[in-house]
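Chemist: Please find one structure pasted underneath; my questions will follow.
Read-outs throughout are calculated quantities, based only on the coordinates presented, and are distinct from any laboratory measurement. Quick caveat, the model's predicted, so the values are computed rather than measured. Virtual Cβ from ideal backbone geometry, glycine too; neighbours counted across all protein chains shown.
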Amino acid sequence: MAVRASWIITSVLALSAVGAYAAVQLMDADSSKYAGEFKNQYETWKQTAESQDVVDVLAEDPNLVVLWAGYGFAKDYNKARGHAYSIEDIRNTLRTGAPTGPDDGPMPMACWSCKTPDVGRYIVEKGEKDYFTGKWSRLGGEMHHEIGCGNCHEADGGLAISTPFTDRGMVAIGWKWADASRSQKQSMVCAQCHVEYYFTADKFVKFPWDMGTTVDEIETYYDAINFADWTHAISKAPMLKAQHPGFETFMRGTHGRNGVSCANCHMPRVQAADGKKFTSHNIGNPFDNYEASCGRCHDQSKEDMEGVVAKYKGMVNEAKMNAERQLVHAHYEAAAAWKAGASEAEMADALKAIRHAQWRWDFAIASHGVHMHNPTEALQILASSLDRAAEARVLLARVLATHGQTAAIAIPDISTKAAAQAAVGLDAAKLKADKAKFLETLAPEWDKAYKAAHGGN
């Protein structure tokens, strides 16, 4: 227990007077401190570093560049890697820009919130208001450790919610930590990050669950507060960007409804070399450890189950691509309508339909693993997205006709990521050059500052 002595952190009641967050003692942000006491868990956690490959989603699907035009995701979007890469990947992504100092860059501090246990530590030390103040680069020297023990555990090894905004979100939907089962707590811990969220006017993180967690309920909430993540660079529609609502869709799927937790599948109980049973912390695809995960409940072979999942994945992907094609056309048709002289009043209904269509498409595809977690809901959401995109295009056709435009609106070449980024006005070469300079200059200074202040690795 001595390794914890200087770093055990006691949460302040004033930060959140409800649920789990009151009086939580968080683990040290440096997971290596627990390599001895929790050897098996630590060694399997280190295995998350094996997911080394960087998969460029924009290169795979250039439509995304158009759909996110004017927003950071049009610059850069890669498939998520293991928790071991959380700090490296947020520093490397073009979305966080190339700050040169603490007051520079495009993103707020809130962008660190799902990336490191240092967030929980800092909030306890300085408070939420201080943490959420300023730019992403302001506390770069305080955000150092990849996602690990301190995100999910108390100092004694028990499960814990490490951020007060997560606790508030859970309370909003009636999930109180004190009353939750172990299975629920396991999923609540994952829901610290694998959820939909937004940044409030003061740049705090908030889960938009005041009216519920379905795509319709969250859409109604955002519309009621007149919230938009950004204005689309082509259509000028006020847009919503879904983050990764895995918790929301999973809990309504077959597994969630039947009390299966995220951990049951992604962190199964396994046997160590000494015969001891423990929870694997190599969080990844359940098929990589089929017998310990899926095989505990399912009689089908791994091959049969993979076939079922692949079938659903194909269906979801086909629906996804159909919605994307309609949305791309809708954005360019809106741009043509503006150019033809359409008024804001004429465009209002069409832009709202674009907003709702893309929100629904994004909610479905951003929910990682939805083809496994809840394919039925995903297909329903994507069908509604397609319906609203078609509605937007009908409305835009009427506006265009009113202004003498009856010919089909041409779409520029977006066949590759490079072509699509050029079409939406992004200078990818400059973005990459600026990022390289940041990684060479400021990022190493952050590491030095952290070690000088806190020691450790």
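Chemist: In the chain, which whole DSSP H runs stretch at least 24 Å along their own axis (Cα) and average 0.5 or higher on the Kyte-Doolittle scale?
Modeler: Once both thresholds are applied, what remains is 375-402.
Chemist: Could you tell me which trypsin sites (Lys or Arg not before Pro) in the range 162-198 are loop residues by DSSP with no more than 16 other beta carbons within 10 angstrom of their beta carbon?
Modeler: Of the trypsin sites (Lys or Arg not before Pro), the ones in loops of the range 162-198 whose Cβ has at most 16 other Cβ atoms within 10 Å are K176.
Chemist: Let me ask something else about it. Between R398 and V308, with labels modelled 7 Å along Cα→Cβ, what's the label distance in nm to one decimal, could you check?
Modeler: Reported label-point gap for R398 and V308 is 4.5 nm.
Chemist: Which residues in the range 62-80 place their backbone N less than 16 Å from a point set 7 Å from the Cα of D413 along the Cα-to-Cβ direction?
Modeler: 62-63, by backbone N distance to the label point.
Chemist: Show me the trypsin sites (Lys or Arg not before Pro) within the range 259-319 that DSSP assigns to loop and that have at most 10 other Cβ atoms within 10 Å of their Cβ.
Modeler: Hits after loop and neighbour filter: K276.
Chemist: Among the listed pairs K115/K451; K126/K206; K236/K320; K115/K206; K79/K129; K135/K206, which have their C-alpha atoms separated by more than 21 angstrom in this model?
Modeler: Exceeds cut-off: K236/K320; K79/K129.
Chemist: Could you tell me the ratio Rg/Rh of the chain? Both radii from Cα atoms, Rh via Kirkwood.
Modeler: So for the chain, dividing Rg by the Kirkwood Rh gives 0.97.
Chemist: Give, in nm to one decimal, the length gained when the segment between T376 and L439 is fully stretched (0.36 nm per residue of separation minus the Cα-Cα distance).
Modeler: 18.4 nm is the gain from fully extending T376 to L439.
Chemist: May I ask you to list the residues of the range 419-444 whose amide nitrogen lies under 14 Å from a point 7 Å from Cα along the Cα→beta-carbon direction of A59?
Modeler: The answer is 419.
Chemist: Now, a different point. Enter the Cα centre distance for the pair the range 305-337 and the range 106-133, rounded to the nearest angstrom.
Modeler: 35
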